[in-house]
Structures are given as C-alpha cells and as structure tokens.
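Q: One structure, pasted below without further comment.
The values are calculated or read from the model by the stated rules, or taken from the named source; none is laboratory data. In this text, all values refer to a predicted model and were calculated from it rather than measured experimentally. So basically every Cβ, Gly included, is an ideal-geometry build from the backbone, and we count neighbours across all protein chains shown. Only protein heavy atoms, including side chains, enter the accessible area calculation; ligands, DNA and RNA are left aside. Shrake-Rupley method; radii C 1.70, N 1.55, O 1.52, S 1.80 Å.
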Protein chains: 2
Amino acid sequence: MNFQLDEAIEVLGNTPNTLEYFLSNLSPGWLECNEGEGTWNAEEVIEHLIECEKTNWLPRIKSILEEGGRKPFPPFDRFAHLKEKPEGAMQEKLQQFKSLRSQNIKTIKAIIIPNLHLELTGQHPAFGEVKLRELLSTWVVHDLTHISQIVRVMAARYGEDVGPWREYVSILK
Amino acid sequence: MNFQLDEAIEVLGNTPNTLEYFLSNLSPGWLECNEGEGTWNAEEVIEHLIECEKTNWLPRIKSILEEGGRKPFPPFDRFAHLKEKPEGAMQEKLQQFKSLRSQNIKTIKAIIIPNLHLELTGQHPAFGEVKLRELLSTWVVHDLTHISQIVRVMAARYGEDVGPWREYVSILK
C-alpha cells in the first residue's frame, strides 16, 4: 500500500492550479476539441470535476464516517453536467472547482483521523464494501485520469499534423 | 490540418507553469516513482525536456530555416540526461525549463514568418524530409506526451490502493 492521507492531499490540492495553468489563454480550438461523438472536451471535464466535488467524494466520505456501511452511498450521476449544461465561462468554472476543492480538503482534514478511520467501510452501489482509504486513493487517481484525458484529447488535435513523427509519439496511439 | 503557429505557442507557453504547479510541494514518493527498470520518474522527464530545449527543437528549426534540408538535423541524444545526471533540486530544474522555454518561444516568434516558412523542409536522420510545421506540431505533442507520462506514472503508484475501483479507472489499464 502506498496511500497516505497527507500525500494524497498534496496531489488533490495541486489539481485546480495545474488545470488552470494548463488551460489558460487557450484558443477555442483547444478547449472545444474532443475525441468524437459522446466524448468530453476540456470544459466538460471541468464541469464533471465540479459535480464530483459537490455530490460524489465528500458525500461518500461522510457516508462512511456517519453510516459505516449500513446504507449504500448517496446517488451520483456522472453525466449530470451534460444534462444541465452549467453556465459561465471556463475561467469561472476553474475558479469554482478550485474553491470547492479547497473547501473539501479543509473538511477532510478536519473530519478524518487517519489512525481511526482509514479502514472504515461504506457500501458502493455497484461493487459492495469499500474502504475509506480506497475511496480517497480513487479520488486522487480520478483527478489524474481526467488531467490525462484533457492532455490526450488536445494531443489528438495535432494527430495528423505531426506527419512522419506520428509513429514515434505514444500519446497518439 | 489543425496546426497554427500562434495556437501551438499557446500550449508551448503553458507547459512550464503547468508542470510547476502539478509537481509543487509533492513528497519524494510522488517525484521518485517510475514505471519500473529503464523508465523515467518526473524529475528525469523534466531533465529530458530541458535537454530538448537546448539541443533538439530550436537547433532543428534553425537547420530548416538556414540549411533547408541540405544537411540532416544536428544530432540529438534523447538519453543524454541519463548519462550526465544533471545536478540541482527539482524546483531549480523547473525554473531552468521555464526560462529556456520562454527564451525559445521569443526566438521562434522572431525568426519564423508563418506565410513564408511553415512548408520549408529539413532532413530527419531517421525518416527523411519533414516540414517545419510538422516539427512544430511535434514539439506541442511531445510536451503533451510527457505531461501525460508523469500523470500516468503517479496514478500507477495508487494502482493497488484504489481496491475495487481499479476496473473502472482507465489510466490504470
């Protein structure tokens, strides 16, 4: 096991600034490209991350600490942001994500006592018993997955433009 | 073709800050992990990016503008940073990368005239004739590849820790 709460929080704390700098001052061509029908562009990924801060991670953490696996996790719809298209400019959404993340990190620092809580379990609606430390690890990896997704989508935009280098660049495969 | 010089420069300009924020205040466990024997950790990726700023992108661009394909590109060793292990702390290397990138962007803005130069060709030692616009597109995609690589390596550190979520997180596959 590599998970440690303080190290997980290091990564969770860096994600909003990372995305803000990665996506700053980009032309619409970069922000609006996706991987085809039914895939997400950068803005939709940020909207999804916002939705997760509101209705996924913290409610599930609280469910473990308060319900201890007696009830399944509260419902979470990972396509919610596609149904009620959130308004506002990209920059506002990045600030909203940063503010929610900062608040959620403060909360978990206040409510989680690693020595007491990390092995506590909750009930995932699809695959049953999960530990708090597994949920927290997944939060970190989920951030990394979506950073990677945005990076990959943007790279694909130049997939043909690289010419003969295409065979040498792993991200295009 | 999606390539446009000004849009390419947007991404090239964002990479140093993105990596600086992504890697700031991380414990050694995050910075030192890799994907096994012969693979690079985050610090080695930054060292490679520095090496590319010095001996790959700009020398090749100048070769196209000055030699126009009469000579092959000057040699570039993509493992140079592993042979002469660069000294200095991660933070210094990130600042060095930022400074070199900033200087190189200034230079290409000064020497490349899009309407005149983008179709000019150089001679790649492995696969022959390449266009300036293909080289510049590859520079962008190369940045994105290495951001993605660092993100993937860090995610793999929690590959087991996510427990039953492992099957649901694409970056771990």
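Q: If every alpha-carbon in the range A:1-62 counts as one equal scatterer, what log10 I(q)/I(0) does Debye give at q = 0.12, 0.20 1/Å?
A: -0.43, -0.95
Q: Okay, moving on. Could you give the distance between the Cα centres of the range B:1-33 and the range B:52-72, to the whole Å?
A: Here the two parts' Cα centres lie 23 Å apart.
Q: Next question, about the same structure. Between copies, how far does the label point of A:GLU92 sit from its twins, in nm, shortest first, when each point is 7 Å from Cα along Cα→Cβ?
A: Sorted ascending, the copy-to-copy spacings read 4.6 nm.
Q: Let me ask something additional. What total accessible surface area, summed over both chains, is buried at the interface between chains A and B, computed with a 1.4 Å probe and given in Å² to the nearest 100?
A: Buried area (both sides, nearest 100 Å²): 4500 Å².
Q: Could I ask something else about it? Per residue of the range A:152-161, in order, report the coupling 6.51 cos²θ - 1.76 cosθ + 1.60 (Karplus, θ = phi - 60°) as ³J(HN,Hα) in whole Hz, putting x for Gly and Pro.
A: 5, 4, 5, 4, 4, 4, 9, x, 8, 5
Q: Okay, moving on. Per DSSP H run of at least 4 residues, take -39500 (n - 2.57); add these up for the protein assembly as shown, divide by its residues and hand me the 222 nm value, nearest 500 deg cm²/dmol.
A: It comes out at -19500 deg cm²/dmol, rounded to the nearest 500.
Q: I want to check the label-to-label distance for B:LEU31 and B:LYS109. Put each point 7 Å from Cα in the C-beta direction and report it in nm to one decimal.
A: So the label points at B:LEU31 and B:LYS109 sit 3.1 nm apart.
Q: Given a 1.4 Å probe and the protein chains all in place, what does the accessible area of A:CYS52 round to, in Å² to the nearest 10?
A: Per-residue accessible area (A:CYS52): approximately 0 Å².
Q: Here is a follow-up. How far is B:GLU35 from the same spot in each other copy, in nm, shortest first, if each label point sits 7 Å from Cα toward Cβ?
A: The answer, with the shortest distance listed first, is 1.6 nm.
Q: Let me ask another. Pick from A:PRO28, A:PRO16, A:PRO72 the residue whose mean-square fluctuation is largest in a GNM of chain A, springs joining Cα atoms under 10 Å.
A: Fluctuation is largest for A:PRO28.
Q: Let me ask something else about it. Suppose you put the label 7 Å out from Cα in the Cβ direction; list, shortest first and in nm with one decimal, how far B:ILE105 is from each other copy's label.
A: 2.5
Q: Related question: Residue by residue, what Karplus-based ³J(HN,Hα) values in Hz, rounded to whole numbers, does the range A:35-41 have, using 6.51, -1.76 and 1.60 with θ = phi - 60° and x for Gly and Pro?
A: 9, x, 2, x, 9, 9, 8
Q: With θ set to phi - 60°, apply the Karplus curve 6.51 cos²θ - 1.76 cosθ + 1.60 along the range A:57-65 and write out the HN-Hα couplings as whole Hz, x wherever there is a Gly or Pro.
A: 4, 5, x, 6, 4, 5, 4, 5, 5
Q: In angstroms, what radius of gyration and Dmax does the range B:32-173 have, counting Cα atoms only?
A: Considering the range B:32-173 through its Cα atoms, Rg and Dmax are 18.0, 57 Å.
Q: Compute the helix-to-body angle for B:42-55: its Cα long axis versus the longest principal axis of chain B, expressed 0 to 90° and rounded to tens.
A: Computed tilt is about 10 degrees.
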